[in-house]
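The values are calculated or read from the model by the stated rules, or taken from the named source; none is laboratory data. Just so it is clear, the model here is predicted, and its values are computed rather than measured. Cβ: placed from backbone, ideal geometry, glycine included. Neighbour counts: every protein chain shown.
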Amino acid sequence: GRWSEPVDFTFYDASKPPMLTNLSSVYGTLAGGETLTISGSNFAPTFGTLFCRFGPNENAPLVPADFESVRRVSCQVPPATEPATVELFVTTNGIDFGGGERYPLSYTYYDPRSPATVGRIEPRYGHHSVATAVTIHGSNFAPTGADLQVRWGRLGVSQATFVSSNVVLAKSILP
């Protein structure tokens, strides 16, 4: 006889939450709205219970996820009210949320209409002939790669390393 057209079937372990390994983007504006693709494992097309959660607690924004494969889902980034770095989680059953497989995977919201602000730096001094590692605390920092820089007054700029929307690291420029 003749066979019917094939139908997809997904094998996954329902006793374990998904594990996340990569995000298609790690930052965006407060408006949200972009489609975020999440790579990982143990995703399933569980109708009505496949969600992304933007934050660690029950009150964090929860948005429906679109199943692409056992290794990939996507969801629309929800809006945020203020700049923040939030950890991302996915659930296939609406109860058990899985996060980063080896380390937390985070998404950073920033406000492109407002400049980053610096509240304090640690340490506040360094040796004149050795670059000093400085932790900069503030707000509205974003992981923009090469565009993330620190200005050291008239001395110039140096690259910064993103930690969160409130913290970046940089080495001082020598006078």
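Observations, loosely collected:
- T37 being of a type in the set (V, I, T), touching a residue at least 12 places away in the same chain (Cβ under 8 Å) and surrounded by fewer than 16 Cβ atoms within 10 Å (Cβ to Cβ): yes
- Residue count, region 141-151 (criterion: of a type in the set (V, I, T) and assigned to a loop (DSSP other than H, G, I, E, B)): 1
- Index of the failed condition, Y110 passing every other in (1) surrounded by fewer than 17 Cβ atoms within 10 Å (Cβ to Cβ); (2) modelled with pLDDT of 95 or more; (3) closer than 23 Å to G145 by Cβ: (1)
- Residues satisfying the criterion are present in region 52-66 (criterion: in the same structural domain as F89 (by TED's automatic domain parsing), polar (S, T, N, Q), closer than 22 Å to S164 by Cβ and modelled with pLDDT under 95).
- Every pair of residues 6+ apart whose Cβ atoms lie under 6 Å, when the first sits in region 143-166 and is closer than 17 Å to P83 by Cα while the second is assigned to a loop (DSSP other than H, G, I, E, B) and among the aromatic types (F, W, Y): S165/F141
- Failed item, numbered, when V7 is tested on (1) outside any strand (DSSP E or B); (2) assigned by TED's automatic domain parsing to the domain that holds E68: (2)
- Of the strands (runs of 3 or more DSSP E) entirely within region 23-140, those holding at least 3 residues that are touching a Ser or Thr at 6+ places or on another chain (Cβ under 8 Å) and over 25 Å from S158 (Cβ atoms) occupy 35-41, 62-69, 72-76, 84-91.
- Residue check, N57 touching a Lys or Arg at 6+ places or on another chain (Cβ under 8 Å), among the polar types (S, T, N, Q) and free of Cβ contacts under 8 Å to residues at least 60 places away in the same chain: no
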